[in-house]
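What follows draws every value from the coordinates through simple rules; no lab data is involved. Not measured: the values here are computed from a predicted model. Heads up, the Cβs are rebuilt from the backbone with ideal geometry, glycines too, and the neighbour counts pull from every protein chain shown.
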Ligand SMILES: C[S@@+](CC[C@H](N)C(=O)[O-])C[C@H]1O[C@@H](n2cnc3c(N)ncnc32)[C@H](O)[C@@H]1O
């Protein structure tokens, strides 16, 4: 399945996932970081807005935003969410690749793995560059290929195919058929300079593991504070559940890979 074919039940499943305490925890840290890049005078685009998971945050900052998503069902949910919150937003069904804005953006946000649903990273990054002001920021929250707890779980359970897909092919097919593509810092460097990087949940389980295992919940309770402290300082290769990259367009466009 491709993201454009997301069904109404996929949307409901994703809305359930958004209530997972570890998702809420990671999102609150992302919002803390985003706060310094957003203000009322800025033009902001939320790419792959999903059901509007960040809309209450935009509303709390009195921001007016543009939001796009490739999925019809996600856009319907996003419109309902904006209406519920009274958020001023222009919400359109479009892929990033086909989107034609009426002006350039100060900040473009791809939150919680939108980029991982895009197979052609270079094409997507080039598109972001063309619709971003020269001094604007792209903020991309991406899944890295390595997440310690997922790696160890696959190893212990001898899920060799999972390990091969994630670690060497850098992709993984979800149960709903959507293919994820894993990216690391170096993958963004052709088009963008990395201004800031924050890794989340490098030493604690993923939200799915938290939901399904009592051990994962106890471990999280014990190690969430040290994780927050040390995840922020580790090299990119140590990965995490998500990594937030704050990117600025390279002044001289380098050749694509
Ligand atoms: C994991 S959800 C993230 C939703 C939201 N940003 C959040 O923070 O929860 C990924 C979203 O990206 C959308 N998407 C995937 N590929 C896209 C593309 N090429 N252009 C626009 N949206 C896309 C999907 O339809 C889906 O709603």
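Data overview
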item	result
Bridge type composition, the chain - antiparallel percent by DSSP, nearest 5	50 percent
Residue-averaged [θ]222 nm for the chain, counting only DSSP H segments that reach four residues, each worth -39500 (n - 2.57)	-10500 deg cm²/dmol
Highest to lowest packing among 111-117, 6-12, 61-67, scored as the average C-beta count within 10 Å	111-117, 61-67, 6-12
Average Cα contact separation per residue, the chain, under 8 Å, 6 or more apart, as relative contact order %	19 percent
Packing-based order for 229-235, 98-104, 19-25, using average beta carbon neighbours within 10 Å, highest first	19-25, 229-235, 98-104
Fluctuation leader among 158, 76, 247 - the chain, Gaussian network, Cα springs under 10 angstrom	158
Gain in span if fully extended, residue 72 to residue 133, counting 0.36 nm per residue against the direct Cα distance	19.2 nm
Percentage, to the nearest whole number, of Cα pairs in region 130-220 over 16 Å apart	64 percent
Extension gain, residue 159 back to residue 2 (0.36 nm per residue minus Cα-Cα distance, nm)	54.1 nm
Ordering of 143-149, 165-171, 123-129 by packing [mean C-beta count within 10 Å, highest first]	143-149, 123-129, 165-171
Point-to-point label distance, residue 250-residue 217, nm (Cα→Cβ direction, 7 Å offset)	4.7 nm
Stokes-Einstein translational diffusion, the chain - Kirkwood Rh over all Cα pairs, 0.890 mPa s, 25 °C, in µm²/s	131 µm²/s
Relative counts (whole %) of C-alpha pair distances in region 40-130, using bins that are 10 Å wide	17, 54, 27, 2
Region 174-236 and region 69-90: distance between their alpha carbon centers, rounded to Å	27 Å
